[in-house]
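A.B. asks: The structure is given below, and queries will be raised subsequently.
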Amino acid sequence: MNVGAPQAAPAKGMRMRTDLQPNTWDYETEAFVTPTGFREYDARWWFGHPGSDKPPQINLYGIQALGLGLGTLIHELGKEPKIVTGHDFRSYSLSVKQALEVGLMQAGIEVHDIGLALSPTAYFAQFHLDIESVAMVTASHNSNGWTGVKMGVERPLTFGPKEMTRLKEIVLNDEGVARPGGGYVREMGVADAYKAELSDSLSLKRKIKAVVACGNGTAGAFAPQVLEAMGVEVIAMDCELDHTFPKYNPNPEDMKMLHAMSARVKETGADLGLAFDGDGDRCGVVDNTGEEIFADKVGLMLARDLSERHKGAKFVVDVKSTGLFAIDPVLKANGCETEYWKTGHSYIKRRANELGALAGFEKSGHFFLQPPVGRGYDDGIVAARCILEMLERNPGKTVADLKNDLPVSYGSPTMSPACSDEEKYGVVDRIVAAFQKRHADGVQLAGRTIIDVNTVNGVRFTLEGGAWGLVRASSNTPNLVIVVESPDSKDDVRAIFAAIKDELANHPEIGAFDQEL
């Protein structure tokens with residue numbers, strides 16, 4: 001790639017601004033991007049929503065500048081100047097994607113647009129079309145008004161902090177370089193090819209009835225059809241595309257969504273419920289009794305099942321996940337190893353790839369099934385397929401039976417007190433220091449001594465007896481993340497959570513947090 005070609009030159013015509021207000025001349029004529037939208041591994045901004053008085057964090061010229069920056073980075077990294085693009089089902093996502101594509105073409109990139117898509121459909125297209133780079137316009141499960149881009153230049157991986165830091169520099173410092181050679185191709189049929197690949201890999205012999213919940217997000221155009229083609233009796237729930245999200249955000253960690261699916265499972269006598277988020281890369285599960293199973297426990301169930309056929313396999317899980325992976329007797333008997341790693345789809349995906357792990361699991365519902373099970377990227381429908389295959393291999397057992405086979409532990413949902421993007425990392429640093437001091441001074445928490453403090457991603461403290469708590473900064477939203485688990489009781493979970501809340505009260509930057517367990 002001749003990055004220094006004479007015709008390549010810094011793009012001119014618009015100044016980059018970080019301080020514009022809507023409904024002004026400058027807002028409609030200049031590129032506007034706020035720095036906080038560049039997250040650890042995704043880009044995500046408040047784009048605006050009718051009726052909201054929250055000021056936007058980016059405009060369409062800013063999105064174009066992002067495309068120019070991404071195209072410039074593709075050239076810097078010596079990658080082929082082609083990219084797959086797609087967008088989720090929101091009222092403004094197509095216009096955001098087209099602005100991004102203008103910037104990419106300005107940078108000399110040939111854009112291959114697959115249209116309305118799930119994030120895993122875009123990742124699939126990298127293989128299907130033999131194109132290394134991807135840019136998927138999605139705000140995932142975020143509420144309407146948010147937009148963002150998931151990016152990568154090395155399938156099946158997505159950007160990490162190094163690439164995001166460089167992209168931020170290029171965009172905010174006006175270092176984008178215009179080149180000739182850009183173009184546009186509208187790729188038809190990718191969604192059908194994606195659905196066919198998933199459904200062709202499984203034809204169920206066991207009769208399974210499943211509630212399939214999509215929260216009116218993009219997955220409603222994919223998941224029910226694919227699962228029906230596998231032989232599932234699908235009870236569709238909120239699968240009609242509606243970008244107003246009339247009931248709740250499509251988020252399989254949202255208790256509203258899980259409770260609604262639980263009620264439908266009980267009402268219909270379904271074998272399980274499967275919930276998909278807004279861009280289809282996550283999957284949530286409710287068992288046949290209507291009880292929600294947190295995704296880390298689902299991951300452990302799948303790891304047990306996979307380990308029977310893949311002895312000595314490695315697994316990677318995020319620091320929010322259950323401590324049972326480290327002590328599970330089935331995994332031990334099958335010679336398997338598990339590593340706890342940083343939370344975030346990009347981190348787990350990359351680490352599983354580096355280690356040659358069979359799978360990576362994240363408590364938020366991202367499942368990374370690597371060859372020969374999957375392609376290595378996170379795909380909620382692939383995760384659902386693996387759950388169905390697990391049931392097929394255990395004809396005498398229900399989902400609840402398989403869950404009850406696990407060692408006993410009691411966990412909290414993932415909780416997310418508000419804390420601004422500008423302040424959250426500093427707040428977490430102080431919370432980490434507070435727990436490190438407790439550990440060093442031998443100060444008890446919930447009546448026990450802290451025996452370990454893991455700071456790979458925020459702070460995960462472990463107490464005598466194996467109970468643990470986690471406090472970290474969210475990578476994608478203005479929140480902290482809190483998780484608690486105990487092998488003893490739900491009351492112990494509440495006691496540890498109460499101690500964490502006492503620490504949070506020392507930090508006024510954290511918003512009001514009245515959640516109870």
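A.B. asks: Spot the failing condition for Pro407; the list is (1) touching a Leu at 6+ places or on another chain (Cβ under 6 Å); (2) farther than 21 Å from Ser486 by Cβ; (3) part of a loop (DSSP other than H, G, I, E, B); (4) of a type outside the set (Lys, Arg), and only one is missed.
C.D. replies: (2)
A.B. asks: Sticking with this one: Just for strands (runs of 3 or more DSSP E) wholly inside segment 411-517: which have at least 1 residues that are of a type in the set (Asp, Glu)? It would help to see each step written out before you state the result.
C.D. replies: On the way: elements: 450-454, 459-463, 468-473, 480-486.
Of the strands (runs of 3 or more DSSP E) lying wholly inside segment 411-517, those with at least 1 residues that are of a type in the set (Asp, Glu) span 450-454, 480-486.
A.B. asks: Restrict the check to segment 158-179 and report whether at least one residue is surrounded by 15 or more Cβ atoms within 10 Å (Cβ to Cβ), over 30 Å from Ser475 (Cβ atoms) and in contact (Cβ under 8 Å) with a residue 40 or more places away in the chain.
C.D. replies: Taking segment 158-179 and keeping what is surrounded by 15 or more Cβ atoms within 10 Å (Cβ to Cβ), we get 158-161, 163-164, 166-168, 170-172, 174-179.
Applying the additional criterion that residues be over 30 Å from Ser475 (Cβ atoms) yields 178-179.
Filter once more, keeping what is in contact (Cβ under 8 Å) with a residue 40 or more places away in the chain: 178-179.
The answer is yes; a qualifying residue exists.
Rundown of residues vs (1) of a type in the set (Asp, Glu); (2) closer than 21 Å to Ala31 by Cβ, yes/no style:
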| position | (1), (2) |
| --- | --- |
| Gly86 | no, no |
| Tyr92 | no, yes |
| Val96 | no, yes |
| Ala99 | no, yes |
| Glu110 | yes, no |
| Phe124 | no, no |
| Ser133 | no, no |
| Gly145 | no, yes |
| Val149 | no, yes |
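A.B. asks: List pairs: first in segment 181-197 and under 12 Å from Thr121 (Cβ atoms), second open to solvent by less than 40 Å² (accessible area, probe 1.4 Å) and among the hydroxyl-bearing types (Ser, Thr, Tyr), Cβ under 8 Å, 6+ apart or cross-chain?
C.D. replies: Correct list of pairs: Val190/Thr121; Ala191/Thr121; Tyr194/Thr121.
A.B. asks: Right, next: Does segment 328-343 include one or more residues that are part of a helix (DSSP H, G or I), under 20 Å from the mean Cα position of the chain (by Cα) and either β-branched (Val, Ile, Thr) or farther than 23 Å from Val493 by Cβ (or both)?
C.D. replies: If we filter segment 328-343 for residues that are part of a helix (DSSP H, G or I), which is where we start, we get 329-333.
Now drop any that are not under 20 Å from the mean Cα position of the chain (by Cα), which leaves none.
So far as segment 328-343 goes, no, none of its residues is part of a helix (DSSP H, G or I), under 20 Å from the mean Cα position of the chain (by Cα) and either β-branched (Val, Ile, Thr) or farther than 23 Å from Val493 by Cβ (or both).
A.B. asks: Within segment 363-393, track down each residue that is in a loop (DSSP other than H, G, I, E, B), open to solvent by 30 Å² or more (accessible area, probe 1.4 Å) and in contact (Cβ under 8 Å) with a residue 60 or more places away in the chain.
C.D. replies: To start, the set of residues in segment 363-393 that are in a loop (DSSP other than H, G, I, E, B) comprises 363-365, 370-377, 379, 393.
Narrowing further to those that are open to solvent by 30 Å² or more (accessible area, probe 1.4 Å): 371-372, 375, 393.
Hits for segment 363-393 are Arg375, Arg393.
A.B. asks: Moving to a separate point now. Which of the residues that make up segment 132-169 are farther than 19 Å from Lys97 by Cα and among the aliphatic types (A, V, I, L, M)? Before you say what the answer is, go through the steps one by one.
C.D. replies: Narrowing segment 132-169 to residues farther than 19 Å from Lys97 by Cα: 154-157, 160-163, 165-166, 169.
Within segment 132-169, just Leu157 meets the criteria.
A.B. asks: Step by step: first the residues of segment 219-250, then only those that are among the aliphatic types (A, V, I, L, M) and under 25 Å from Met136 (Cα atoms), then the one that is most open to solvent (accessible area, probe 1.4 Å). Which residue is that?
C.D. replies: Applying the first criterion (among the aliphatic types (A, V, I, L, M)) to segment 219-250 yields 219, 221, 223, 226-227, 229-230, 232, 234-237, 241.
Add one more test, that the residue is under 25 Å from Met136 (Cα atoms), and what stays is 219, 221, 223, 226-227, 241.
On the way: Ala219: 2, Ala221: 27, Ala223: 0, Val226: 2, Leu227: 1, Leu241: 64 Å².
Checking each candidate, the answer is Leu241.
A.B. asks: If I filter segment 447-458 down to residues being at pLDDT below 95 and among the aliphatic types (A, V, I, L, M), which single residue comes out as least open to solvent (accessible area, probe 1.4 Å)?
C.D. replies: Val453
A.B. asks: Next question. Could you please find all residues in segment 269-317 being at pLDDT 95 or above, of a type in the set (A, V, I, L, M, F, W, C) and closer than 18 Å to Gln370 by Cβ?
C.D. replies: Cys283, Val298, Leu300, Met301, Leu302, Ala303, Leu306, Ala313, Phe315, Val316, Val317
A.B. asks: Restricting the search to segment 215-267, which residues are within 20 Å of Glu389 (Cα to Cα) and in a loop (DSSP other than H, G, I, E, B)?
C.D. replies: Of everything in segment 215-267, those that are within 20 Å of Glu389 (Cα to Cα) and in a loop (DSSP other than H, G, I, E, B) turn out to be Phe222, Gly231, Val232.
A.B. asks: In segment 277-292, what residues are open to solvent by 10 Å² or more (accessible area, probe 1.4 Å) and in contact with an Asp or Glu (Cβ under 9 Å, 6 or more places away or on another chain)? Give the steps one after another, and end with the answer.
C.D. replies: Start the filter on segment 277-292 by keeping residues that are open to solvent by 10 Å² or more (accessible area, probe 1.4 Å), which leaves 288-289, 291-292.
Matches in segment 277-292: Asn288 only.
A.B. asks: Would you call Arg430 open to solvent by 30 Å² or more (accessible area, probe 1.4 Å) and over 28 Å from Leu272 (Cα atoms)? Can you show your working first?
C.D. replies: Working: open to solvent by 30 Å² or more (accessible area, probe 1.4 Å): yes; over 28 Å from Leu272 (Cα atoms): yes.
So Arg430 passes the test.
A.B. asks: Moving on to the next point. Restricting attention to segment 460-500, which residues are without any contact (Cβ under 8 Å) to a residue 60 or more places away in the chain, within 17 Å of Arg448 (Cα to Cα) and either buried (at least 23 other Cβ atoms within 10 Å of the Cβ) or not acidic (Asp, Glu) (or both)?
C.D. replies: In the first step, residues of segment 460-500 are kept if they are without any contact (Cβ under 8 Å) to a residue 60 or more places away in the chain; the result is 461, 463-465, 467, 469, 471, 473-474, 491, 494-496, 498-500.
Still in the running and within 17 Å of Arg448 (Cα to Cα): 461, 463-465, 467, 469, 491, 494-496, 498-500.
Result: Phe461, Leu463, Gly465, Ala467, Gly469, Arg494, Ala495, Ile496, Ala498, Ala499, Ile500.
A.B. asks: Got a sec? Which of Leu60, Leu68, Leu104 is within 21 Å of Leu20 (Cβ to Cβ) and crowded, with 24+ Cβ neighbours inside 10 Å? Step through it out loud before you land on a result.
C.D. replies: Details: Leu60 fails: crowded, with 24+ Cβ neighbours inside 10 Å; Leu104 fails: within 21 Å of Leu20 (Cβ to Cβ).
The conditions single out Leu68.
A.B. asks: For segment 208-218, indicate whether the set of residues that are over 21 Å from Ser262 (Cα atoms) and open to solvent by 30 Å² or more (accessible area, probe 1.4 Å) is non-empty.
C.D. replies: Within segment 208-218 (the criterion being over 21 Å from Ser262 (Cα atoms) and open to solvent by 30 Å² or more (accessible area, probe 1.4 Å)), the answer is no, since none of the residues qualifies.
A.B. asks: Out of everything in segment 295-316 that is in contact with a Gly (Cβ under 6 Å, 6 or more places away or on another chain) and not in a strand (DSSP E or B), what residue ends up being nearest to Gly220 (Cα to Cα)?
C.D. replies: Initial filter on segment 295-316 (in contact with a Gly (Cβ under 6 Å, 6 or more places away or on another chain)): 295, 311-312, 316.
Now drop any that are not not in a strand (DSSP E or B), which leaves 295, 311-312.
On the way: Ala295: 20, Lys311: 36, Gly312: 37 Å.
In this case the residue turns out to be Ala295.
The values are calculated or read from the model by the stated rules, or taken from the named source; none is laboratory data. What you are looking at is a predicted structure, and each value in this text was computed from that prediction instead of being measured. For neighbour counting, all protein chains shown are included, and Cβ atoms are generated from backbone atoms with ideal geometry for every residue, glycine included. Accessible surface is based on the protein model in full, side chains and every heavy atom, while ligands, DNA and RNA are left aside. Shrake-Rupley method; radii C 1.70, N 1.55, O 1.52, S 1.80 Å.
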